Each structure stands twice: as structure tokens, then as C-alpha cells.
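Remarks on the structure that follows.
The values are calculated or read from the model by the stated rules, or taken from the named source; none is laboratory data. Computed from a prediction, not measured in an experiment: that's the story for all the values here. All Cβ positions, glycine included, derive from the backbone under ideal geometry; neighbour counts span all protein chains shown. To get the accessible areas, we keep the full protein, side chains included, count just its heavy atoms, and leave off ligands, DNA and RNA. Shrake-Rupley method; radii C 1.70, N 1.55, O 1.52, S 1.80 Å.
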Amino acid sequence: MAKDIDWGNLPFGYMETSKSFVANWKDGAWDEGTLTSNHTITMSECACVLQYAQTCFEGLKAYTTSDGKVVTFRPDLNADRMADSCTRLEMPVFPKEKFIQAVIDVVKANLDYVPPYGSGATLYIRPFMFGSNAVIGVKPATEFQFRILVTPVGPYFKGGVKPIKVRISDRDRAAPHGTGDIKAGLNYAMSLYNIVDAHNCGYAENMYTDPATHTYIEETGGANILFVDKKGTLITPKSGSILPSITRRSLITVAKDILGMKVEERKVNKKELKKFVECGLCGTAAVISPIGQIDDHGKSIMLPSGMENIGPVMQKLRETLTGIQMGTVKGPEGWVVEIN
Ligand code: PLP
Ligand code: COI
């Protein structure tokens, strides 16, 4: 039985659900892991995560399809990316097959919280890991906890697919050869001041440029960026310091193989912005959120697609991707994983 929740008006927020998955690493090995209804964590005041931010996370979603199944989307890629994050942060990898099984198990244990087809809401799945034992010298923990929590969510940006306004940021998100390409909690901690400031100034997000030269567009605080030029080519920034978005990688395949579009993954100079006809953010949380206006230090770049509606190319991409996720469009083999 679905919970009595106003699915159509859910924010992108946290709600405690029935179960989370939890596994612990101790003495060099993971335990079996289990589902728990305890949603509180107790640990040492000197835990490595609290002192030195040794933590990383993932984000994926479960969807109800048009024929009533519950599915998730490419969890293998989240397992792979989390393995990269863990390796970079001196944390043990949670094995891929177990990761995928744990995602399935935790969604199964929370079926009441999976929003119905057509509601506009989804079940957000948040795997995360942290160093849990006490350290005081700067060194990695030796004990870790891997958890997966789930929570039903609505659109990441208020208004759903209403175009948003962003600003080119003066601050940096990730250093060259730093941690921009992994999903480390620290990347988000250092963006908090800037996102609060952006919101106070009337922007939905910060668009970051490459920290070495502030010339090339990288990504926003929580999503990769897509552009469309006059010829209808899809262009997406290439950089070693942006997160390899699973949504972006999937959209590139959708654009090329399903929609027959031309796609370029390359450096995007700030100066090119005024030539694009559409722009959007893409990510698990953002899905595709159109951008209508980009402010660059006093200059406003107004995308021809405007501030009222999503542009036609972003709309087609969004429709096709969400169609694959909700079972109305056939996607490549293996993208959709059935839960029940
Ligand atoms: N970029 C950043 C910084 C993110 O936090 C996210 C969210 O996960 C993304 C991009 C989008 O990645 P994905 O499509 O895998 O959710
Ligand atoms: C996601 O899209 O899953 C994210 O992690 C973005 C965000 C909420 C930081």
C-alpha cells in the first residue's frame, strides 16, 4: 500500500522511511550488512568523518513504470563511481554486486514510499560511506560504515521544468587534479557558502569555471551542463575536474543513438555562451533543468529558449530519458534494473 503522501507536492527533501541498509568495515573486511529501522548513527566525537570529512556518497532513483513495476536506473555505474570515490579517499570499496543487491533490497523494503507513476515524484536513493572510528592525526580511519537511505522526492529546482537563472561563480568548486571528479562530501561542504550567497542574490545555482584560468565552463554545484547550438548539436563540457554524471553519459547515448543528434564533448569557453540556443543542467536530482539566463558579472546572457518554457531539444532529451526510466521508451539493454 502506497503511503498517504501528497506525491505531487513533495519537495526535494529528506523524510524518514521504513528501512535503511547498513554494513560495517572492521578488521579489514565488510560484515554481511543488514536492513535497519534505526535511522540514527552514534559514533565517536573524534570519528574521521567528523574531523577530516572522510566521506563520499552517491545518488540514484527508483521509479514506478507505466505498467506498475518498480525499477532503478544504471546502479552499476553508481557502484563504479563510488568505488572511484572510495579509492581516492582511502576508503574500502563496497563490492559492486553487493552494492546493486543492497540498492534492490532497500528499495524493496520501502515499496510504500515509491511514488506512483505519473506523480512527478521519485524515490531518491542515497548510498554513502564514512570513516567511523576515532583518529586525531591526519590519517584515514580503519573502520567505516556504508549506508543506503531512501527518501521520496519532488523536483530539485522549484517549478520543476521552469527555466532557472544561474550565475557564473567567482569561487571555485574543485582544483585541477583535486577531487572534482569524485563524489566527496568535501566538494559539497565547500560549495555551501556559495550556494547560500547565490540564493540570496536570486540565482538557483552557481556555474563554475575551470579554477586554473576561469575561462572554461565546468559544471554547477550539483549537476553537469548541456548546451545546444544553432545547428542543433548537443555540446557538453569536458574537464578532468567535473563529476562524470551518469545522466550526462546516458543522455549522450540517447542523443546519438536514439535521437540521431550530433554530440560534442569538449572544452566550452565562457565567450561561447551567447551563441547557444538552449542550456540545461543534468543529473539524477536535476533530471534536466533548463537554464533561461546566465549572469556573468553584470552581463546577462538570455538563452533564446527564454524563461517561460523548456526549449525543444532539452524537452526531447528529457522526455526520452524519463521515458526510458519509466518504461514508455525502450532504452539500451541493461539500463533499467527491475526491483519487483
Ligand atoms: N555534478 C555534480 C557535482 C553532482 O553532484 C551530480 C549529482 O550526482 C551530478 C553532476 C550529476 O551526476 P548524476 O547524473 O550521476 O547524478
Ligand atoms: C544527485 O543528483 O544525485 C546529487 O547528488 C545532486 C545533489 C543533490 C547534490
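Name the one entry in Y188, Y216, Y208 that is within 11 Å of ligand 1 (Cβ to nearest atom), open to solvent by 40 Å² or more (accessible area, probe 1.4 Å), without any contact (Cβ under 8 Å) to a residue 60 or more places away in the chain and not assigned by TED's automatic domain parsing to the domain that holds Y52.
Result of the check over Y188, Y216, Y208: Y188.
Within the bounds of region 162-180, is there any residue that is in contact (Cβ under 8 Å) with a residue 40 or more places away in the chain, within 13 Å of ligand 2 (Cβ to nearest atom) and either assigned to a loop (DSSP other than H, G, I, E, B) or in contact with a helix residue (DSSP H, G or I) (Cβ under 6 Å, 6 or more places away or on another chain) (or both)?
The answer is yes, given that some residue of region 162-180 is in contact (Cβ under 8 Å) with a residue 40 or more places away in the chain, within 13 Å of ligand 2 (Cβ to nearest atom) and either assigned to a loop (DSSP other than H, G, I, E, B) or in contact with a helix residue (DSSP H, G or I) (Cβ under 6 Å, 6 or more places away or on another chain) (or both).
Looking at (1) within 15 Å of ligand 2 (Cβ to nearest atom); (2) out of contact with any helix residue (DSSP H, G or I) (no Cβ under 9 Å at 6 or more places or on another chain); (3) modelled with pLDDT of 95 or more, find the lone condition where E205 falls short.
Unmet for E205, out of (1) within 15 Å of ligand 2 (Cβ to nearest atom); (2) out of contact with any helix residue (DSSP H, G or I) (no Cβ under 9 Å at 6 or more places or on another chain); (3) modelled with pLDDT of 95 or more: (2).
Go through region 268-299 and give me each residue that's over 19 Å from E319 (Cβ atoms) and without any contact (Cβ under 8 Å) to a residue 60 or more places away in the chain.
Hits for region 268-299 are V268, N269, K271, E272, L273, K274, K275, F276, G298, K299.
Looking at K316, K238, K230, K256, which one is open to solvent by 20 Å² or more (accessible area, probe 1.4 Å), of a type in the set (K, R), in contact with a Leu (Cβ under 9 Å, 6 or more places away or on another chain) and touching a residue at least 24 places away in the same chain (Cβ under 8 Å)?
Working: K238 fails: in contact with a Leu (Cβ under 9 Å, 6 or more places away or on another chain); K230 fails: in contact with a Leu (Cβ under 9 Å, 6 or more places away or on another chain); K256 fails: touching a residue at least 24 places away in the same chain (Cβ under 8 Å).
After ruling out the rest, the residue left standing is K316.
Is it true that I235 is more than 16 Å from ligand 2 (Cβ to nearest atom) and outside the structural domain of F73 (by TED's automatic domain parsing)?
yes
I need the full set of residues from region 36-56 which are under 24 Å from the mean Cα position of the chain (by Cα), of a type in the set (S, T, Y) and open to solvent by 50 Å² or more (accessible area, probe 1.4 Å), in order please.
The first filter runs over region 36-56 and keeps only residues under 24 Å from the mean Cα position of the chain (by Cα), leaving 39-41, 49-50, 52-56.
Applying the additional criterion that residues be of a type in the set (S, T, Y) yields 40, 52, 55.
T40, Y52 - these are the residues of region 36-56 that are under 24 Å from the mean Cα position of the chain (by Cα), of a type in the set (S, T, Y) and open to solvent by 50 Å² or more (accessible area, probe 1.4 Å).
Could you please find all residues in region 191-205 being surrounded by fewer than 15 Cβ atoms within 10 Å (Cβ to Cβ) and within 14 Å of ligand 1 (Cβ to nearest atom)? Spell out how you get there, then give the answer.
If we filter region 191-205 for residues that are surrounded by fewer than 15 Cβ atoms within 10 Å (Cβ to Cβ), which is where we start, we get 192-193, 196, 199-202.
Passing the criteria: only L192.
Hey, among the residues in region 145-163 that are in contact with a strand residue (DSSP E or B) (Cβ under 6 Å, 6 or more places away or on another chain) and closer than 19 Å to Y188 by Cβ, which one's surrounded by the fewest Cβ atoms within 10 Å (Cβ to Cβ)? Give the derivation first.
Of all residues in region 145-163, those in contact with a strand residue (DSSP E or B) (Cβ under 6 Å, 6 or more places away or on another chain) come to 145-153, 157, 163.
So of that shortlist, the ones also closer than 19 Å to Y188 by Cβ come out as 145-149, 151, 153, 157.
On the way: Q145: 21, F146: 25, R147: 21, I148: 26, L149: 20, T151: 18, V153: 20, F157: 20.
Per the criteria, the residue is T151.
Tell me whether region 57-74 contains one or more residues that are part of a helix (DSSP H, G or I), more than 11 Å from I148 (Cβ to Cβ) and not assigned by TED's automatic domain parsing to the domain that holds A286. Step through it out loud before you land on a result.
Quick first cut of region 57-74, residues part of a helix (DSSP H, G or I) only: none.
Within region 57-74, not a single residue is part of a helix (DSSP H, G or I), more than 11 Å from I148 (Cβ to Cβ) and not assigned by TED's automatic domain parsing to the domain that holds A286.
State the number of residues belonging to region 57-73 that are more than 11 Å from ligand 1 (Cβ to nearest atom) and either open to solvent by less than 10 Å² (accessible area, probe 1.4 Å) or at negative phi (or both).
Here the count works out to 10.
Just to be sure I understand the filter: pairs with C-beta atoms under 7 Å, separated by 6 or more residues or on different chains, first member in region 74-95 and open to solvent by 60 Å² or more (accessible area, probe 1.4 Å), second member in a loop (DSSP other than H, G, I, E, B). Which pairs pass?
So the pair list comes out as D84/I182; T87/V93; R88/T179; R88/I182; E90/P140.
Can you tell which of G8, G33 is surrounded by fewer than 16 Cβ atoms within 10 Å (Cβ to Cβ), out of contact with any Leu (no Cβ under 6 Å at 6 or more places or on another chain) and not β-branched (V, I, T)?
Working: G33 fails: surrounded by fewer than 16 Cβ atoms within 10 Å (Cβ to Cβ).
Residue meeting the stated conditions: G8.
Scanning for something out of contact with any Pro (no Cβ under 6 Å at 6 or more places or on another chain), hydrophobic (A, V, I, L, M, F, W, C) and part of a strand (DSSP E or B), does region 242-263 turn up at least one residue?
yes
Could you look through region 24-56, keep only residues that are free of Cβ contacts under 8 Å to residues at least 40 places away in the same chain and in a strand (DSSP E or B), and pick out the one that is nearest to ligand 1 (Cβ to nearest atom)?
T36
May I ask you to verify whether G137 is in the same structural domain as C56 (by TED's automatic domain parsing), surrounded by fewer than 17 Cβ atoms within 10 Å (Cβ to Cβ), more than 13 Å from ligand 1 (Cβ to nearest atom) and in a loop (DSSP other than H, G, I, E, B)?
When the stated conditions are applied, G137 passes them.
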